[in-house]
1. Pick from 382, 358, 415: which is open to solvent by less than 60 Å² (accessible area, probe 1.4 Å), touching a helix residue (DSSP H, G or I) at 6+ places or on another chain (Cβ under 8 Å), assigned to a loop (DSSP other than H, G, I, E, B) and farther than 30 Å from residue 455 by Cα?
2. Hey, can you tell me all the residues within region 625-654 that are free of Cβ contacts under 8 Å to residues at least 60 places away in the same chain and open to solvent by 70 Å² or more (accessible area, probe 1.4 Å)?
3. Can you name the residue in region 540-569 that is charged (D, E, K, R) and under 36 Å from the mean Cα position of the chain (by Cα) and, of all such residues, is surrounded by the most Cβ atoms within 10 Å (Cβ to Cβ)?
4. Does residue 179 count as free of Cβ contacts under 8 Å to residues at least 60 places away in the same chain, assigned to a helix (DSSP H, G or I) and either in contact with a strand residue (DSSP E or B) (Cβ under 9 Å, 6 or more places away or on another chain) or open to solvent by 10 Å² or more (accessible area, probe 1.4 Å) (or both)?
5. Name the one entry in 482, 440 that is open to solvent by 10 Å² or more (accessible area, probe 1.4 Å), under 28 Å from the mean Cα position of the chain (by Cα) and under 20 Å from residue 355 (Cα atoms).
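The values are calculated or read from the model by the stated rules, or taken from the named source; none is laboratory data. Because the structure is predicted, anything quoted here is derived from the model rather than measured. So basically every Cβ, Gly included, is an ideal-geometry build from the backbone, and we count neighbours across all protein chains shown. Quick note on the areas: whole protein, heavy atoms, side chains included, nothing else; ligands and nucleic acids left out. Shrake-Rupley method; radii C 1.70, N 1.55, O 1.52, S 1.80 Å.
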Amino acid sequence: MSQEKKSFQLPLLPLRDVIVFPHMMMPLFVGREKSINALEDAMSKKTDIVLAAQREAKTNNPEAKDIYSIGTLGSIIQLLRLPDGTVKVLIEGKRRIKIKEFVTNENFFVVECEEMPEKADDKVETEALMRSVKATFETYVKLDKRIRPEMLMSVASIDSAGRLADTIVAQLNLRLEDKQKALEVNDPGQRLEELLGLMSGEIEILQVEKKIRSRVKKQMEKSQKEYYLNEQMQAIQKELGEKDDFQQEIIELEKLGKDKPLSKEAAEKVKKEIKKLKMMSPMSAEATVVRNYIDWVLCLPWQKYSKEKTDINSAEKILEADHYGLEKVKERILEYLAVQSLVESQKGPILCLVGPPGVGKTSLARSIAKSMNKNFCRISLGGVRDEAEIRGHRRTYIGAMPGKILQAMKKADTGNPVFLLDEIDKMSTDFRGDPSSALLEVLDPEQNITFGDHYLEVDYDLSKVTFITTANSLHTIPRPLLDRMEIISLEGYTEEEKFQIGRQYLVSKVIEANGLKDRKVEIADSAIKAIIRGYTKEAGVRSLERELSNVCRKVARKILATKKKKGFTVTGKNLKDILGAPKYKIGQIEAKHEIGLTNGMAWTEVGGDLLVVEVSVVPGRGKFLVTGQLGDVMKESASAAMSYIRSRAVLFGLDKDFVQNTDVHIHVPEGAIPKDGPSAGITMATSIVSALTKVPVRKDVAMTGEITLRGRVLPIGGLKEKILAAHRGGIKTIICPKENEKDLKDIPKKVLSQMRIILVDHVDQVIVNALDIRKPEEIFKSRSHTDAIGIKANYTGQTLHPH
């Protein structure tokens, strides 16, 4: 029998993103004016209300076409007005209804609708469907933890097919369209079949999610919880196909790689690495390594060069303003700038500034950069013993980085800076490689155009870099590395140069550094000279600066203690009250000529120094003692000097057998300091002859030179440093090998003009000029020897710059 459908008019409540099924209670929050009016009308008339979903949730003022025609008849159980003007209403769905037409009403929607009675199906088939739906729903609940387990008990007690379908579909996480389709199916059996298909699809999705969680959980067994969450996020994004920040970052890298003026090889390498990065998970360790590599390649200055200043006059003014003296270095830089202005593709020079500490090697490199209008970068090679510090680490290592060369180039931000390699003589070697060998490619103008860093893996051009290296000595630098550099020696400053540096540069610097600029504190010239002579003993000016700072500190304390606001002058007279007694006796030689005591000259890494050699002769059994912590070379020089004197004993008027009953003891004072070098032979020979013949050695004479068994005087090194040290010590006469005459051109003319230089090629000439005698016959007692020698001039040698 067909049941007649009843038609009636009721207010309509449009719903957003939600569908109310029959036999379902749901709280709703209503804020639109028309919807509130519809609820109030239903409450006042105590009627039911029609619940129908909007097709688009974003529509604020829906029309008839925007609302589904199939909805639910609901009754209002409770209505509550909230302070913000919205209404909270609890509604229970009763049965399905179909909207026939909308009735005109300005205040709210009114619709004419009719009920949709459910059809009756085969009980056996319906029962089978109900069992399948209940079993499938149980599986769904086990996978979806958002549904409470109590819902299974509620579903199990339902014996109506239509109610079962409506109850379960309301619990599923379905799209609005799928739920609306389920609402529109009037046949309970058909509704159960469609529900079974929907649940099967949802179960498949939940199983995929479970697999994702399971796979991620296995991956995070040895990782942290944060790693697990990130992987889960990536897996979900992979399923959804969404783009993230990582993809945006890759796009930016590609754009930067195209805009950056890379070399052809580097551009291809970056393109290849970005392609590799796209295939990786952003959270993987390898992606981080590739990302860092791309960053390093892109941040290096590939074809970015600063414009060099080739104005020689301007550069000369800068060099003169920053440094006093150092004419040889300044001349070389100006020569380079002159060539650079004439030749466009001139390769950068590789200069090696060699000299003792404190002579201004590092600061000179900064001035060179300033004069050339180039950026300045510096690395210190002191203590470097790993080849990777120069060439970089291979990317197979964890924490791999480029070497110090490319790191400094990144800081310089140009491809043609002035690059200072400081303390190149302080490098060492161990099992990790030889860094000095790695520098061979860096400092070779023919090779550094394709410098290969292990990390970078592409060639980098260093040919336009102006390399400057510094060292205290050359003997620790490997010969192949030394061959690639142009050596410029900075042997040290004379007393006059130190005075000018102190007056022009250091005094104003230390006064400002110690807060005395506005106190009118002055340091007189006499005080500067007194500090140089009595409180410092060095080739450079570092100790001079320290002592000047010491003076300023003590003056600052005096000013504050006496509450004297301004005015204080430090002179040579009140300097002793400030600094105390002088530390050194520079400029004071022996008071008289001494027997067996000779002034020698030595070279050290901090400059030249005077080295006194003492010889004592006592009755004994022919012992020959050498003390003073001397090295093997100096011991051999002592033995050679002694053998020479024994071979010429008759000439000096000695008994042939004097060795058998005489003990000779050679001592070099300051025995705690190790001493070595091939330049003390003639000094020891002179002291031995003086001690044996009882003839004093002149107090104002200093000498240097090696001796042979036949009495020849061999050339030595470091003559400039030695003569400067003798000049500081107040020596007036220098005896040196004739073959070292070529080295005298490097010595300041002002120093040479104040000294008498005697060039000798035989020990006899040394003895004649060093001992306190008037004629050679006073020491050479054998007439046959003097006749064989000929004229007396052979004894005296060649005298230069007589004082």
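1. Details: 382 fails: farther than 30 Å from residue 455 by Cα; 415 fails: farther than 30 Å from residue 455 by Cα.
Checking each option against the conditions leaves just 358.
2. Residues satisfying the conditions are 625, 629, 632, 635, 636, 646.
3. Pass one, region 540-569, residues charged (D, E, K, R): 542, 545-547, 553-554, 557-558, 563-566.
Then drop every residue that is not under 36 Å from the mean Cα position of the chain (by Cα), which leaves 542, 545-547, 553.
On the way: 542: 16, 545: 20, 546: 15, 547: 22, 553: 15.
Applying the filter and picking the extreme gives 547.
4. no
5. Working: 440 fails: under 20 Å from residue 355 (Cα atoms).
That would be 482, the only listed residue that is open to solvent by 10 Å² or more (accessible area, probe 1.4 Å), under 28 Å from the mean Cα position of the chain (by Cα) and under 20 Å from residue 355 (Cα atoms).
Results for (1) at pLDDT 75 or above; (2) of a type in the set (Phe, Trp, Tyr); (3) surrounded by fewer than 11 Cβ atoms within 10 Å (Cβ to Cβ); (4) in a helix (DSSP H, G or I), shown as yes or no for each residue.
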residue	(1), (2), (3), (4)
202	yes, no, no, yes
205	yes, no, no, yes
209	yes, no, no, yes
214	yes, no, yes, yes
230	no, no, no, yes
235	no, no, no, yes
246	no, yes, no, yes
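Yes/no matrix, rows are residues, columns are (1) closer than 26 Å to residue 596 by Cβ; (2) modelled with pLDDT of 85 or more; (3) under 49 Å from the mean Cα position of the chain (by Cα); (4) buried (at least 16 other Cβ atoms within 10 Å of the Cβ):
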residue: 706; (1), (2), (3), (4): yes, yes, yes, yes
residue: 743; (1), (2), (3), (4): no, yes, yes, yes
residue: 798; (1), (2), (3), (4): no, no, no, no
residue: 802; (1), (2), (3), (4): no, no, no, no
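Okay, residues lined up against (1) touching a strand residue (DSSP E or B) at 6+ places or on another chain (Cβ under 6 Å); (2) closer than 30 Å to residue 489 by Cβ; (3) of a type outside the set (Phe, Trp, Tyr):
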site: 296; (1), (2), (3): no, no, no
site: 309; (1), (2), (3): no, yes, yes
site: 317; (1), (2), (3): no, yes, yes
site: 325; (1), (2), (3): no, yes, yes
site: 394; (1), (2), (3): no, no, yes
